[in-house]
Amino acid sequence: MRILRSWLEDFVELPESSEELGAALTMAGMAVDGVEQVDGETIFELDITSNRPDAMNHFGIAREVAAIFRRPLTPPRVEFPEDSRTVGEFARIEIEAADLCPRYVGRVLLGVEIKPSPDWLRRRLELCGTRPINNIADLTNYVLLELGHPTHAFDLDTLNERRIVVRRARADEEMRTLDGLDRKLSPADLVIADAYRPVALAGVMGGLETEISDRTKNVLIEAAWFHPGSIRRTARRFGMHTEASHRFERGADLEATVWAADRIAGLLGQLSPGVVLSGRIDAYPTQVQRPSVALRRARLAGMLGTTVPDEDVVDILSRLGFSPQPTADGWRTPLPSQRLDVEREIDLIEEVGRIYGFGKIASTLPPMAAAPAPKPFEDEEAAARETIRGLGYDEMVGYSFISEKDAERFGSGEPVRLRNAVSELMTVMRPSAAPTLLHAIAHNIRYGEESVRLAEFGRVYRGGSGTYQEPASLAMAATGSAREANLQEQSKAFGFYDLKSDVEALLGRYDFVHVDFDDRDVPDYYVPGRSASVRTDRGRVAIVGEVDPQICDELKVRQPVFLAEIELDKLYDAGLRRPQYRPLPRVPPVERDFSLLVPEGVPFAEIRTAIGLVDYLERFEPVEIFRGKQVPEGHYALLVRAVWQRETESFRDEEIQASAVAILDSLKTKLRITLRS
Amino acid sequence: MTLDEKAHQPLAELIAAGDSVDSLYSALKDAFEGERTAVSSADDLKALRDRWMGRKNGLIAAANDAWLKAAPRELKPQVGKRQNEIRQAIEAALEQAQNDVAALGRKREALDVTLPGPERRLGAKHPVRRTLEEILSIFRELGYSVAEGPEIESFFYNFEALNFPADHPAVDEMDTLFVEDKMLLRTHTSPNQIRIMEKTPPPMRYVVHGKVYRNDAPDATHSPMFQQLEVFCVDENITLADLKGTLEHFVRRFFGRGIKTRLRPSFFPFTEPSAELDITCVFCAGRGCRICKQTGFIELLGCGMIDPNVLRSAGLDPEKYQGFAAGFGLDRIAMNKYDINDISLLYNGDTRFLRQFR
Ligand SMILES: [Zn+2]
């Protein structure tokens, strides 16, 4: 909103420095976004919050200035001669929808001459960013900018029966608004009608057929008060936003109706020949009375944390238009009609506080009255984040919404859909973080970053009909090399087992009884046979594997991408591993290697299971796998290393021998695995 | 027959074949001396030691078994003496060789220590996360608890309970994304004020953070998803002065002592009085620039005293309890702190960007 310094000076004496004035307004809650000098005029660009329609005009700002600087406020003069003929002889106003229009004030001007406005008025409008049209239209705009109340001028002679009816539109009615568009109306819309047809969309925009034209001689001025909700709904439905609707939506001043109509009449003499008919039509079926509100002295001090002197309280409220009267514990004041935002004690406290100055309020720290509560799973989350970083994954954050196409590919069942999506690419709340990570990998590859490790801590979304779940999700994605080539080593491509180890390192921090990998139940955006479910005593906690190369190809990623999706809530529920000291062995371990001949198709997990529990067997792990001519058909050669460990007593050869035989026997009988000769 | 073979032959057979005790031990000694001079590394030395002094298969152990233990009674003293001499000589020589090798270890080819080793990459912490953690630790020092709360939220918690009149432009200004008629993506973290106050008896002080959503097309300064942090404190006598003091403390700890603040009246439906906290413009140090519109200040956060209607909808008596709340965009603070000019960088997973925050 643009405010002219010279216009403010019509109502209040200003501090000399515009900078000081701007700073003072800002610190009272009327944020000055900029100060501009144009043709000797100082223009303030103000950002008025939506609760203060009363300040969206020059007089409203002048009232604030008067309160801040404690200076007298002079309202504009509204004296003018009236014709002997009375307004009632020339026009009639009826309110049918009093719930949406409690007051409608009309004045009639006869014998006007439509022409350009005088320079001084055109200049003010232009400096405020309003285009001058003709003297009568300009007059309504001028009063809007001055007093903040939207008014409308009808060509009286175009109104059938010179009659105004304020009513809801009928179902099949149409009208053409000033912007030339035909509007199909509904009973939800409040209209101003003449005897037969709607002539204005109430509080939003006038109609084309009754607008002021070069031929206009007689004018009906409307100054009414419309229900904010009704104006808002109509303006929204038609996608219209006008200076009038902007103010009515936020709540106009019921008493300003009379004042605005009179102010227009008062200015007519400077703009046009013509006369103002005697009196005004004031259709105001039910007098609106606002209640008075009490302000307790103790409550004021208790809320602000600072005591404001009584005389300051009274001065501030009075200058803002309140009339505080002393009571036993403070004051009581009626509420001025322009301040619909003030209706409670706390609202008065804000008024006093902001004009008194938040800057004068003390700075204190509240006493600590209770110990903080720990956040659930705080340590569990910190451990996951620290591990992921240690493993070399860069932490990213991605959008929670994905495209319909991705939702189909990466989800199962009905996803959570947005009713009003930002764009086609963001219509569904993601059921999986996989697409987020894959798009990020693709983004990096597009910029030549071919070795990427990314992880995202976030949520995935499911549910519907009022009930939703947002489980915590960790997704890890890697592509390119696990190790870049360097002076000491060759490069090594990132593979399934790299990601598997990373996931195991993470899971190892939590208190699971066991962690096993198998190739069942993996979603089809992974490559079958190169992906796994990770199961624990708390069920499946993760999926890890290579991403379907076709999906990668569509994203222009032409290198293997590995992805892990981890259900963090299950890790957190398991809790962190609780280490417990075990005495250190006093003798070294014994190691033995076995070269086994294993039938194809027997996975290592089965071999490990087959040997069962063996006394003192500390480790049993694969060292080398070999397939080739030297290995009999249908088999592979597997070198495993067994390690025995006892705490205090060295092993005798016979003991190890016996243990080894038992292991080999189990493998032979259960899995037909033999020693390679 | 090689010396190794001889070491495993019974002494009597060797003598019968023409060897003598002296010649046998001299040959052993010569062989050892020869091999010892060839030692030039710790590995060589270990091999030499194993070959000669190995407990089971070493040559000296073999000679002990085949020669000494099997010696005819009359030769035993002589063999025993020679066996003992050679063992001591070899042990001494090995000891000396150990020292030589260790000394040698310091004289190997020098490395170019300026060459890089293989890269060990630690993952980066996202700049918003960094900012968040810093802020959380400041409020934890002041005794605040931390919570998050749901992102898919009801109209009630997001608006109604926070004193947004159903038919008010403020609801429009939030540009809400809906998933159902009365369910939406939270537009701010404030619904958690209600959720927490409903469950927690005062006094309470909380920090709530998380993702929030607005129907904004993404560009350099807008993002349909961003991250917010909100602090609130409720007790019987919490005042605007407490709000001011708390925020000033936070700003000093986070931005440094040189930063000035000002509390400026504003409007939010869920606070009354409402204010915005401005801080010295970090881009021009308060001298005035394009970004701060020449004011020397930039807007940091919105705050105020919790509106009595909000306390009431959370089941608290506003005549008894008062509180303050303050909320801000973590993204904006991170962008200020790290001089990031494009919000989309925070959400596209570009590792060239993320790695700057290792
Ligand atoms: Zn600046």
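The values are calculated or read from the model by the stated rules, or taken from the named source; none is laboratory data. Just so you know, these numbers come straight off a predicted model, no measurement behind them. Cβ: placed from backbone, ideal geometry, glycine included. Neighbour counts: every protein chain shown. Keep in mind that these areas ignore ligands, DNA and RNA; they rest on the heavy atoms of the full protein, side chains included. Shrake-Rupley method; radii C 1.70, N 1.55, O 1.52, S 1.80 Å.
Here are some notes:
- Matching residues in the range B:343-358 - criterion: being in contact (Cβ under 8 Å) with a residue 12 or more places away in the chain, surrounded by 14 or more Cβ atoms within 10 Å (Cβ to Cβ) and in a loop (DSSP other than H, G, I, E, B): B:347
- The range B:264-300, subset within 17 Å of residue A:19 (Cβ to Cβ) and either among the small types (Gly, Ala, Ser) or assigned to a strand (DSSP E or B) (or both), residue farthest from the ligand (Cβ to nearest atom): B:264
- Unmet criterion (only one of (1) of a type in the set (Gly, Ala, Ser); (2) modelled with pLDDT of 95 or more; (3) not in a strand (DSSP E or B)) for residue A:269: (2)
- Pair list, Cβ < 6 Å and 6+ apart or interchain, from the range A:38-66 residues that are without any contact (Cβ under 8 Å) to a residue 40 or more places away in the chain to residues that are of a type in the set (D, E, K, R): A:42/A:5
- Within the range A:361-405, tally of residues that are open to solvent by 40 Å² or more (accessible area, probe 1.4 Å), within 7 Å of another protein chain (Cβ to nearest Cβ) and basic (Lys, Arg): 1
- Residue in the range B:224-240 that is more than 9 Å from chain A (Cβ to nearest Cβ), more than 16 Å from the ligand (Cβ to nearest atom), over 19 Å from residue B:139 (Cβ atoms) and not acidic (Asp, Glu) present: yes
- Selected residue [of a type in the set (Asp, Glu) and closer than 30 Å to residue A:447 by Cα] from B:350, B:317, B:278, B:307: B:350
- Close pairs from the range A:531-559: first open to solvent by 10 Å² or more (accessible area, probe 1.4 Å), partner assigned to a loop (DSSP other than H, G, I, E, B) and among the small types (Gly, Ala, Ser), Cβ under 7 Å, at least 6 apart: A:559/A:480
- Residue pairs whose Cβ atoms lie under 8 Å apart, sitting 6 or more positions apart in sequence or on different chains, and linking a residue in the range A:504-530 that is at negative phi to a partner that is in a helix (DSSP H, G or I) and surrounded by fewer than 16 Cβ atoms within 10 Å (Cβ to Cβ), are A:515/A:504; A:516/A:605; A:517/A:605; A:518/A:605; A:527/A:549.
- Index of the failed condition, residue B:105 passing every other in (1) farther than 30 Å from residue B:215 by Cβ; (2) touching a Leu at 6+ places or on another chain (Cβ under 9 Å); (3) more than 7 Å from chain A (Cβ to nearest Cβ): (2)
- Boolean, residue A:113 is in the same structural domain as residue A:242 (by TED's automatic domain parsing), in contact with a Ser or Thr (Cβ under 6 Å, 6 or more places away or on another chain) and open to solvent by 40 Å² or more (accessible area, probe 1.4 Å): yes
- Search result, residues across the range A:409-435 that are surrounded by 20 or more Cβ atoms within 10 Å (Cβ to Cβ) and more than 8 Å from chain B (Cβ to nearest Cβ): A:410, A:411, A:415, A:427, A:428, A:430, A:431, A:432, A:433, A:434, A:435
- Residue count for the range A:279-301, restricted to those that are part of a loop (DSSP other than H, G, I, E, B) and among the charged types (D, E, K, R): 2.
So that you can scan it fast, the table gives a plain yes or no per residue for (1) in a loop (DSSP other than H, G, I, E, B); (2) at pLDDT below 85:
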{"residue": "B:50", "(1), (2)": "no, no"}
{"residue": "B:65", "(1), (2)": "no, no"}
{"residue": "B:68", "(1), (2)": "no, no"}
{"residue": "B:74", "(1), (2)": "no, no"}
{"residue": "B:85", "(1), (2)": "no, no"}
{"residue": "B:89", "(1), (2)": "no, no"}
{"residue": "B:96", "(1), (2)": "no, no"}
{"residue": "B:101", "(1), (2)": "no, yes"}
{"residue": "B:113", "(1), (2)": "yes, no"}
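- Every residue from the range A:564-604 that is exposed (fewer than 12 other Cβ atoms within 10 Å of the Cβ) and out of contact with any strand residue (DSSP E or B) (no Cβ under 7 Å at 6 or more places or on another chain): A:578, A:579, A:580, A:581, A:582, A:583, A:584, A:586, A:588, A:601
- In the range B:283-290 there is no residue matching the filter, namely being more than 33 Å from the chain's Cα centre (by Cα), surrounded by fewer than 22 Cβ atoms within 10 Å (Cβ to Cβ) and at the interface with chain A (Cβ under 8 Å from one of its Cβ atoms).
- Taking the numbered list (1) more than 13 Å from the ligand (Cβ to nearest atom); (2) away from chain A (no Cβ under 14 Å); (3) under 25 Å from residue B:216 (Cβ atoms) in turn, residue B:316 passes all entries but (3).
- Of the residues making up the range B:194-210, those that are farther than 20 Å from residue B:142 by Cα and in contact (Cβ under 8 Å) with a residue 60 or more places away in the chain number 3.
- Elements of the type strands (runs of 3 or more DSSP E) sitting completely within the range A:129-203 and holding at least 1 residues that are open to solvent by 30 Å² or more (accessible area, probe 1.4 Å) and among the charged types (D, E, K, R): these cover A:163-168, A:174-176, A:182-184.
- Test result for residue B:243, part of a loop (DSSP other than H, G, I, E, B) and away from the ligand (no atom under 16 Å from the Cβ): no
- With respect to the stated conditions, residue B:151 fails to be among the acidic types (Asp, Glu) and either more than 8 Å from every other protein chain (Cβ to nearest Cβ) or surrounded by fewer than 20 Cβ atoms within 10 Å (Cβ to Cβ) (or both).
- Residues that are more than 16 Å from the ligand (Cβ to nearest atom), at pLDDT 90 or above, out of contact with any helix residue (DSSP H, G or I) (no Cβ under 7 Å at 6 or more places or on another chain) and in the same structural domain as residue B:154 (by TED's automatic domain parsing) do occur in the range B:252-263.
- Condition check for residue A:358: at the interface with chain B (Cβ under 9 Å from one of its Cβ atoms) and over 28 Å from residue B:123 (Cβ atoms): yes
- Taken over the range B:315-330, the criterion of being surrounded by fewer than 20 Cβ atoms within 10 Å (Cβ to Cβ), farther than 17 Å from residue B:239 by Cβ and of a type outside the set (Asp, Glu) is satisfied by B:315 alone.
- Yes/no for residue B:303 being assigned by TED's automatic domain parsing to the domain that holds residue B:255, outside any helix (DSSP H, G or I), open to solvent by less than 20 Å² (accessible area, probe 1.4 Å) and in contact (Cβ under 8 Å) with a residue 60 or more places away in the chain: yes
- Qualifying residue in the range B:178-192 (condition: in a helix (DSSP H, G or I), away from every other protein chain (no Cβ under 11 Å), crowded, with 23+ Cβ neighbours inside 10 Å and modelled with pLDDT of 95 or more): yes
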